[in-house]
């Protein structure tokens, strides 16, 4: 038996439902804050102020958001092909190698506007190649991409430690990080952009890779909904049988999609390395690869949704840091709990309120319809 | 006169803009079999979902045995003695019959006592209604007809006096369907009330006492089955006169377009599904493959269409070999003039989540007509889709509508339009009218005949023997992967039925 039209209107599906999820997440987070004896209202004010109240706050929020846009797009592209790429973390981490090669090798020689495109290509390429192996195993051997990409996260982390400690470390230091890149390996900040809207950014690391992230989001939209390749990716994602029927090569599509996905994750490395620290540090990805999963879920795998969700998570990161700083009872770990709650409600439980909402909307539509003829009758008199 | 078992008074239900049920009045008398017939999308399933508590009516009243009731969920329906046998079985495949029957009414946290009680009760039910099933058999090992029997037992076990069956024969062979009807007669004799939802006229005539016809959300007529005819019901269903017989002239077979030689196909487990099959299809003829579902027809056409690989054998298209053992590419075969309307239109022929226009190019998305370099030329695709929508009368006529929201018949028309409008030399078509309403069947059959008359070679697979007999110029019968016989179009149903059951095959082997 079919379930005719058991479906929410678009505005409720993409607007109201995520909003309800978010409100519930913050409500539960508020309870946690109350539990440790702080005021949830004060905490909320602190968070919003910390994230958007100053030029630096906005700068940090968007800086974090940049990371999440890249990793969110990475997860979303694979989603459209029916693949769950959990390897964004590792692909981004290893993508840092591509940035390092360009930054260390050419940073002292070339200006940033030449090294930047080279670093985009290098980081994307390394990320893509790192995703190629799990993709190949999935396409040819049926090894589940979830398992292999998780394993590749660990392999990537170990390789990076090995390289940073053994080979990339600047001589004469104890810290497992590269030397600082030359001027050409440092991306310009976006203080001028914020000053256009009257904000003054001093120390925040927001840089030009934020604009690259927005461009990438647009290009992903074009790819998925406007190109033949995107059509093939979506066909494969919705129905592998239909893809076979349509003569779409499974191996080819899986490999290409995963490489695009890996390339997007790899480009995330540009933001912290070339944009902020100007060197490769241990664990510079800092979980952004996993946050990308939540961002993609919350953004419904649509680039516009991903940008918004990424900014929300950027706010949680930046505002959370402010709370931890100002409220002694709330440690950094508490902030992680709050972020976890948002991921839980917005990501894992995103459909929890769907049936209720559907029922409420149907009832609402019904009463409205019943009242309409009455109004019309009055109008006729 | 006794109170009716079910009385629906002014039931009304909307889903957004769709008025699924309009002011429905329906009386189902106790101890009768009441048929509800209508095209797909006429509102039959919605009405029954309201009766079973899946949906709430916006307006109206339900009376069971004369008493007004509120059915808020399926549990309430079960409590009122209403049982439902769904079109798609709700059985746990790797549970036994007994475990499935007691699922949800185990009675206690520990299973032991519940099982003993259930076993005794099941035995009683089986004897009372002569529904023999081995309680310890695994569902996945039972044939479909028996699985359905388990569904009926499940409903009876929960104390159902009113049994609603939703398209029960969709998955059954003719013999299994006849058996089901005997069971229904038996249940009726025991005083149960049965509501049979179907779009097959023959079933209505064969088994029901009364019949209500639904069209566009309304009950347009209720008749005593004995006092009506198939023609009248069909006309009531569609709202206009329908041609139930296919009209076609002599076939004029030309040169051989498709030739299959000694084809053998195994499935992924290594079981032989097609066993040394050979046949040809000529230009200007329709070759029908009859057989009970699961005898290798699906694998045969999927192999010829390049979707599956064969173990051995040759397939020639226009005299040129198709590489069926290696990586035959459906896209390449399309270029060579072989079109394929697959049996499984929901998962293979269409992507239901796509908008209609996106499906109108599936498989032909490489055509430069639809592309601007690497980009889709969406305007061109939509214009093309609109043309097909108009020519094939696909409704609603909106290329932006999600494909899942089209009725079965219109979905099939989307596939047909896509494949036929490419003017292929060979058309392979599987289950052309499965889940398709009467009005659309007529249209689809006409198109297939037109293809033949235009000199195309048509290979038709259907589990509906009537359809094979009325469309085909030659009939091949498949049984257990082999082609066990070839007959002319005028072969009798009995003769074909025996072949389909593998009878003659066994005699020959002896």
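The values are calculated or read from the model by the stated rules, or taken from the named source; none is laboratory data. Only a predicted model underlies this, so the values are computations on that prediction, with no experimental measurement involved. FYI the Cβ positions are ideal-geometry reconstructions off the backbone, even for glycines, and counts take in every protein chain you see.
Do we find a residue being surrounded by 14 or more Cβ atoms within 10 Å (Cβ to Cβ), touching a strand residue (DSSP E or B) at 6+ places or on another chain (Cβ under 9 Å), in the same structural domain as residue B:331 (by TED's automatic domain parsing) and not in a loop (DSSP other than H, G, I, E, B) anywhere in the range B:388-402?
Yes, there is a match, as at least one residue in the range B:388-402 is surrounded by 14 or more Cβ atoms within 10 Å (Cβ to Cβ), touching a strand residue (DSSP E or B) at 6+ places or on another chain (Cβ under 9 Å), in the same structural domain as residue B:331 (by TED's automatic domain parsing) and not in a loop (DSSP other than H, G, I, E, B).
Could you check, for the range A:120-131, whether at least one of its residues is in a loop (DSSP other than H, G, I, E, B) and crowded, with 20+ Cβ neighbours inside 10 Å?
No, the range A:120-131 contains no residue that is in a loop (DSSP other than H, G, I, E, B) and crowded, with 20+ Cβ neighbours inside 10 Å.
For residue B:209, which of the numbered conditions (1) under 20 Å from the mean Cα position of the chain (by Cα); (2) surrounded by fewer than 17 Cβ atoms within 10 Å (Cβ to Cβ); (3) assigned by TED's automatic domain parsing to the domain that holds residue B:19 fails to hold?
Status for residue B:209: all satisfied but (1).
When you scan the range B:267-284, how many residues do you find that are farther than 21 Å from residue B:340 by Cα and touching a residue at least 12 places away in the same chain (Cβ under 8 Å)?
3
Given the options A:255, A:251, name the one that is surrounded by fewer than 17 Cβ atoms within 10 Å (Cβ to Cβ), touching a residue at least 60 places away in the same chain (Cβ under 8 Å), assigned to a helix (DSSP H, G or I) and touching a helix residue (DSSP H, G or I) at 6+ places or on another chain (Cβ under 9 Å).
Only one candidate passes the filter, namely A:251.
Do you know which residues across the range A:235-248 are within 17 Å of residue A:139 (Cβ to Cβ), surrounded by fewer than 22 Cβ atoms within 10 Å (Cβ to Cβ) and either in contact with a strand residue (DSSP E or B) (Cβ under 6 Å, 6 or more places away or on another chain) or at the interface with chain B (Cβ under 8 Å from one of its Cβ atoms) (or both)?
A:241, A:244
Only one of (1) closer than 26 Å to residue A:262 by Cα; (2) without any contact (Cβ under 8 Å) to a residue 24 or more places away in the chain is not met by residue A:83, so which one is it?
Evaluating residue A:83 over (1) closer than 26 Å to residue A:262 by Cα; (2) without any contact (Cβ under 8 Å) to a residue 24 or more places away in the chain leaves (2) as the failure.
Across the range B:15-35, which residue is nearest to the other protein chains (Cβ to nearest Cβ) among those that are at pLDDT 90 or above and assigned to a loop (DSSP other than H, G, I, E, B)?
Filtering first and then ranking leaves B:32.
Any idea which residue in the range B:346-376 is farthest from residue B:417 (Cα to Cα), counting only those that are more than 10 Å from chain A (Cβ to nearest Cβ) and either part of a helix (DSSP H, G or I) or touching a strand residue (DSSP E or B) at 6+ places or on another chain (Cβ under 8 Å) (or both)?
Per the stated criteria, the residue is B:368.
In the range B:300-329, what residues are touching a strand residue (DSSP E or B) at 6+ places or on another chain (Cβ under 7 Å), within 14 Å of chain A (Cβ to nearest Cβ) and either touching a residue at least 40 places away in the same chain (Cβ under 8 Å) or not in a loop (DSSP other than H, G, I, E, B) (or both)?
Those that are touching a strand residue (DSSP E or B) at 6+ places or on another chain (Cβ under 7 Å), within 14 Å of chain A (Cβ to nearest Cβ) and either touching a residue at least 40 places away in the same chain (Cβ under 8 Å) or not in a loop (DSSP other than H, G, I, E, B) (or both): B:301, B:303, B:304, B:305, B:308, B:322.
Looking at (1) part of a helix (DSSP H, G or I); (2) in contact with a helix residue (DSSP H, G or I) (Cβ under 8 Å, 6 or more places away or on another chain); (3) within 14 Å of another protein chain (Cβ to nearest Cβ), can you tell me which one residue A:219 breaks?
Failed condition: (2).
Mind checking which residues of the range B:317-330 are buried (at least 16 other Cβ atoms within 10 Å of the Cβ) and modelled with pLDDT of 90 or more?
Hits for the range B:317-330 are B:317, B:318, B:330.
Being farther than 30 Å from residue A:152 by Cα, in contact with a helix residue (DSSP H, G or I) (Cβ under 8 Å, 6 or more places away or on another chain), within 14 Å of chain B (Cβ to nearest Cβ) and in contact (Cβ under 8 Å) with a residue 60 or more places away in the chain, is that true of even one residue in the range A:46-57?
No - not one qualifying residue is present in the range A:46-57.
Residues that are at pLDDT below 90 and within 14 Å of chain A (Cβ to nearest Cβ), at least 1 per element: which helices (runs of 4 or more DSSP H) completely within the range B:36-108 meet that?
B:44-51, B:74-79
Considering only residues that are more than 21 Å from the chain's Cα centre (by Cα) and surrounded by fewer than 23 Cβ atoms within 10 Å (Cβ to Cβ), which ones fall in the range B:452-467?
B:453, B:454, B:455
Taking the criterion of being at pLDDT 95 or above, more than 30 Å from residue B:169 (Cα to Cα) and within 11 Å of chain A (Cβ to nearest Cβ), would at least one residue in the range B:397-416 satisfy it?
No, that holds for no residue.
Looking at residue B:149 and the list (1) surrounded by 21 or more Cβ atoms within 10 Å (Cβ to Cβ); (2) outside any helix (DSSP H, G or I), which single condition is not satisfied?
So residue B:149 meets the others, but not (2).
Just one of (1) part of a helix (DSSP H, G or I); (2) within 10 Å of chain A (Cβ to nearest Cβ) trips up residue B:379, so point out which.
The one condition residue B:379 does not meet is (2).
Right, residue B:385: modelled with pLDDT of 95 or more and surrounded by 20 or more Cβ atoms within 10 Å (Cβ to Cβ) or not?
yes
Quick check: is even one residue across the range A:289-300 more than 14 Å from residue A:68 (Cβ to Cβ), touching a residue at least 12 places away in the same chain (Cβ under 8 Å) and either within 14 Å of chain B (Cβ to nearest Cβ) or in contact with a helix residue (DSSP H, G or I) (Cβ under 8 Å, 6 or more places away or on another chain) (or both)?
yes
Can you confirm whether residue B:132 is touching a helix residue (DSSP H, G or I) at 6+ places or on another chain (Cβ under 9 Å), free of Cβ contacts under 8 Å to residues at least 24 places away in the same chain and part of a loop (DSSP other than H, G, I, E, B)?
yes
Per-residue answers, yes or no, for (1) surrounded by fewer than 18 Cβ atoms within 10 Å (Cβ to Cβ); (2) facing chain B (nearest Cβ under 9 Å); (3) touching a residue at least 24 places away in the same chain (Cβ under 8 Å); (4) not in a helix (DSSP H, G or I):
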site: A:161; (1), (2), (3), (4): yes, no, yes, no
site: A:166; (1), (2), (3), (4): yes, no, no, no
site: A:173; (1), (2), (3), (4): yes, no, no, yes
site: A:213; (1), (2), (3), (4): no, no, yes, no
site: A:233; (1), (2), (3), (4): no, no, yes, no
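Among B:71, B:82, which is the only one that is touching a helix residue (DSSP H, G or I) at 6+ places or on another chain (Cβ under 8 Å), surrounded by 14 or more Cβ atoms within 10 Å (Cβ to Cβ), without any contact (Cβ under 8 Å) to a residue 24 or more places away in the chain and within 30 Å of residue A:359 (Cα to Cα)?
Selected residue: B:71, the only one of B:71, B:82 that is touching a helix residue (DSSP H, G or I) at 6+ places or on another chain (Cβ under 8 Å), surrounded by 14 or more Cβ atoms within 10 Å (Cβ to Cβ), without any contact (Cβ under 8 Å) to a residue 24 or more places away in the chain and within 30 Å of residue A:359 (Cα to Cα).
Out of contact with any strand residue (DSSP E or B) (no Cβ under 9 Å at 6 or more places or on another chain), surrounded by fewer than 24 Cβ atoms within 10 Å (Cβ to Cβ), touching a residue at least 60 places away in the same chain (Cβ under 8 Å) and part of a helix (DSSP H, G or I): which single residue out of A:28, A:101 fits that description?
A:28
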